[in-house]
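Report on one structure; see the data block that follows.
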């Protein structure tokens, strides 16, 4: 199971919205929903060894580079095509 | 409306009450804009006054990450920063304001939120998210919200109640 963690400052708000768009983007790309799950978190709790991919807005990315998993950034949490373009190749590379 | 839509609409109306909606708000800068949205929550008993400062500080700390889509800011802070009730407040700015987010500035719409716990209102945020995503993809700088003629109309738009639009 590929674990994708969306992250923002507080763990509610942009991370939740990004997680919804990510789920739709992956589904639209034809990726089997049973092979991934999307969780949301705040910066304080997001750094976990079981996370395979981080998804966040650009402000948080620099601090997350050391966490040992690829960091995918987005500018618009509603833009499924932006999220899809950036996230789908990384998910596919882990399948 | 379907029963489910009615339940969602009722749910959002509890959080985004008409008293928490303001149009034509003049803000000199992003702090003013966030403060305006925060004050609507303070006045209506949703948060303590210190929550407004906390929202501003989190933007100063993390950068303008709350500008989550072109033209839209979603300021918020943690429950321990003075949340009394779950709520939304909506400020439609008279003229757009820069928040320092290169990709998504300038901001037309400030939708502040308060949550007593991060999981407590996920359904409400999800249903607002659908309407927000639709408005964001229309690419017209949130015109339906900016042109709304009443708080009820704006609440209707955000809760996906299309009937109010016609």
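The values are calculated or read from the model by the stated rules, or taken from the named source; none is laboratory data. Note that the coordinates shown come from a computational prediction; the quantities given were computed from them, not determined experimentally. Heads up, the Cβs are rebuilt from the backbone with ideal geometry, glycines too, and the neighbour counts pull from every protein chain shown.
Summary of computed values
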{"quantity": "Residue in the range B:73-90 that is surrounded by the fewest Cβ atoms within 10 Å (Cβ to Cβ), counting only those that are assigned to a loop (DSSP other than H, G, I, E, B) and more than 10 Å from every other protein chain (Cβ to nearest Cβ)", "calculated": "B:85"}
{"quantity": "In the range A:61-79, the residues that are surrounded by fewer than 22 Cβ atoms within 10 Å (Cβ to Cβ), within 12 Å of another protein chain (Cβ to nearest Cβ) and closer than 30 Å to residue B:138 by Cα", "calculated": "A:61, A:73, A:75, A:79"}
{"quantity": "In the range B:4-31, the residues that are surrounded by fewer than 16 Cβ atoms within 10 Å (Cβ to Cβ) and more than 15 Å from the chain's Cα centre (by Cα)", "calculated": "B:4, B:5, B:6, B:7, B:10, B:26, B:28, B:29"}
{"quantity": "Some residue of the range B:91-104 being in a helix (DSSP H, G or I) and free of Cβ contacts under 8 Å to residues at least 60 places away in the same chain", "calculated": "no"}
{"quantity": "Hey, residue B:39 in contact with a helix residue (DSSP H, G or I) (Cβ under 9 Å, 6 or more places away or on another chain), surrounded by fewer than 17 Cβ atoms within 10 Å (Cβ to Cβ) and either closer than 21 Å to residue A:11 by Cα or at pLDDT 95 or above (or both) or not", "calculated": "no"}
{"quantity": "Residue match in the range A:65-72 (condition: under 24 Å from residue B:69 (Cβ atoms) and touching a residue at least 40 places away in the same chain (Cβ under 8 Å))", "calculated": "no"}
{"quantity": "Extreme residue, nearest to the other protein chains (Cβ to nearest Cβ), among residues of the range A:1-25 that are farther than 22 Å from residue B:65 by Cα and assigned to a strand (DSSP E or B)", "calculated": "A:3"}
{"quantity": "Scan of the range A:38-58 for residues that are at the interface with another protein chain (Cβ under 10 Å from one of its Cβ atoms), without any contact (Cβ under 8 Å) to a residue 40 or more places away in the chain and either touching a helix residue (DSSP H, G or I) at 6+ places or on another chain (Cβ under 9 Å) or crowded, with 20+ Cβ neighbours inside 10 Å (or both), ordered by number", "calculated": "A:40, A:41, A:42, A:43"}
{"quantity": "Members of the range A:26-55 that are under 16 Å from residue A:66 (Cβ atoms) and in a strand (DSSP E or B)", "calculated": "A:53, A:54"}
{"quantity": "Residue B:42 at negative phi, touching a strand residue (DSSP E or B) at 6+ places or on another chain (Cβ under 9 Å) and away from chain A (no Cβ under 13 Å)", "calculated": "no"}
{"quantity": "Candidate set: the range B:60-72, residues that are modelled with pLDDT under 95 and closer than 14 Å to residue B:113 by Cα; chosen: the one farthest from the other protein chains (Cβ to nearest Cβ)", "calculated": "B:67"}
